[in-house]
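A short worksheet on the structure shown next.
The values are calculated or read from the model by the stated rules, or taken from the named source; none is laboratory data. Predicted model, so just to flag it, every value in this text is computed and none were measured. Cβ coordinates were reconstructed from backbone atoms using ideal geometry, including for glycine residues, and neighbour counts include every protein chain displayed. Ligands, DNA and RNA are stripped out before the accessible areas are found, and what is left, the full protein with its side chains, is counted by its heavy atoms. Shrake-Rupley method; radii C 1.70, N 1.55, O 1.52, S 1.80 Å.
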Amino acid sequence: MRSFGLVEEKLAEAEFFIDQISELKFGIFPAQCYLNAFISSARSVTFAIQASIGDIPDFDDWYKNIQNRFKKDEIAQWFLKCRNESIHIGIAHIKSGQEVGDEYKFYFHSIFDMDDEGPKEDVLTACRHHMKNLVDVVFECFDKFGFYIDC
C-alpha cells in the first residue's frame, strides 16, 4: 500500500491550478494551460486513490459507486472528455473570456454562441464544482477506510 499522502498532494495540486485561473485578469492561453494542468491533476486524484488503497477489502465496490456518481455528473463527464481530448488530440477547451465586474471569466463556449459544446458555467465555477466532488470523495475515503489509511 502506498501513502495516502499522494492523494492529498494531487488534490493540493489541483487546487493550486484553480487558484491560478482565479487570479488571471486576461489571456486565454495561460488560462488554457492552467485548465489543462487542473484537469490532469484532478484526474490524478482518483488514480492516486486507487494506487494507495486499491487493495483494501471492500474498496472495489466502494470505488464502483464513486465511478457511477461521476458518470451521472455532467461536469465530471465534461472534464473527463476535456482531459482525453487535450492529452490525446491537443484540443484546447477555453473558447472565450470577458471582464465581468472586477474579475475576468473564461468560458468553454463562445460568449456569442451559447449553443457551443460545454458547460454554461464559466471555467472557474466548473472547476470548483469538480474540485468539491473530488474533496468529497477524499473525505469519504477517510471516513470509510481511515483505519487502513492511518496505519
Handout entry: Residue check for Lys95: of a type outside the set (Ser, Thr, Tyr), open to solvent by 50 Å² or more (accessible area, probe 1.4 Å), within 20 Å of Glu117 (Cβ to Cβ) and at pLDDT 95 or above
Key = no
Exercise for the section: Mind counting the residues in the stretch 1-16 that are of a type outside the set (A, V, I, L, M), part of a helix (DSSP H, G or I) and in contact with a Ser or Thr (Cβ under 6 Å, 6 or more places away or on another chain)? Expected result: 2
Problem - Residue in the stretch 47-69 that is nearest to Tyr107 (Cα to Cα), counting only those that are open to solvent by less than 50 Å² (accessible area, probe 1.4 Å) and not in a helix (DSSP H, G or I) - result: Gly54
Exercise for the section: Within the stretch 70-110, count every residue that is more than 14 Å from the chain's Cα centre (by Cα) and part of a helix (DSSP H, G or I). Expected result: 4
Handout entry: Among the residues listed as Phe139, Phe112, the single one being loosely packed, with under 13 Cβ neighbours inside 10 Å, of a type in the set (Phe, Trp, Tyr) and at pLDDT below 80
Key = Phe112
Practice task
Specify the residue that is modelled with the lowest pLDDT; the eligible residues are those in the stretch 1-46 that are of a type in the set (Phe, Trp, Tyr) and surrounded by 15 or more Cβ atoms within 10 Å (Cβ to Cβ).
Solution key: Phe4
Exercise for the section: Being touching a residue at least 12 places away in the same chain (Cβ under 8 Å) and in contact with a strand residue (DSSP E or B) (Cβ under 7 Å, 6 or more places away or on another chain) narrows it down to one of Asp122, Asp73, so name that one. Expected result: Asp122
Problem - Qualifying residues in the stretch 80-92 (those that are of a type outside the set (A, V, I, L, M) and closer than 18 Å to Ile28 by Cβ) - the one least open to solvent (accessible area, probe 1.4 Å) - result: Cys82
Completion exercise
Log entry, pairs with first residue in the stretch 26-46 being without any contact (Cβ under 8 Å) to a residue 60 or more places away in the chain and under 15 Å from Tyr104 (Cα atoms), second being outside any loop (DSSP other than H, G, I, E, B) and open to solvent by 10 Å² or more (accessible area, probe 1.4 Å), beta carbons closer than 7 Å, six or more apart or on different chains, reads Tyr34/Phe17; Tyr34/Gln20
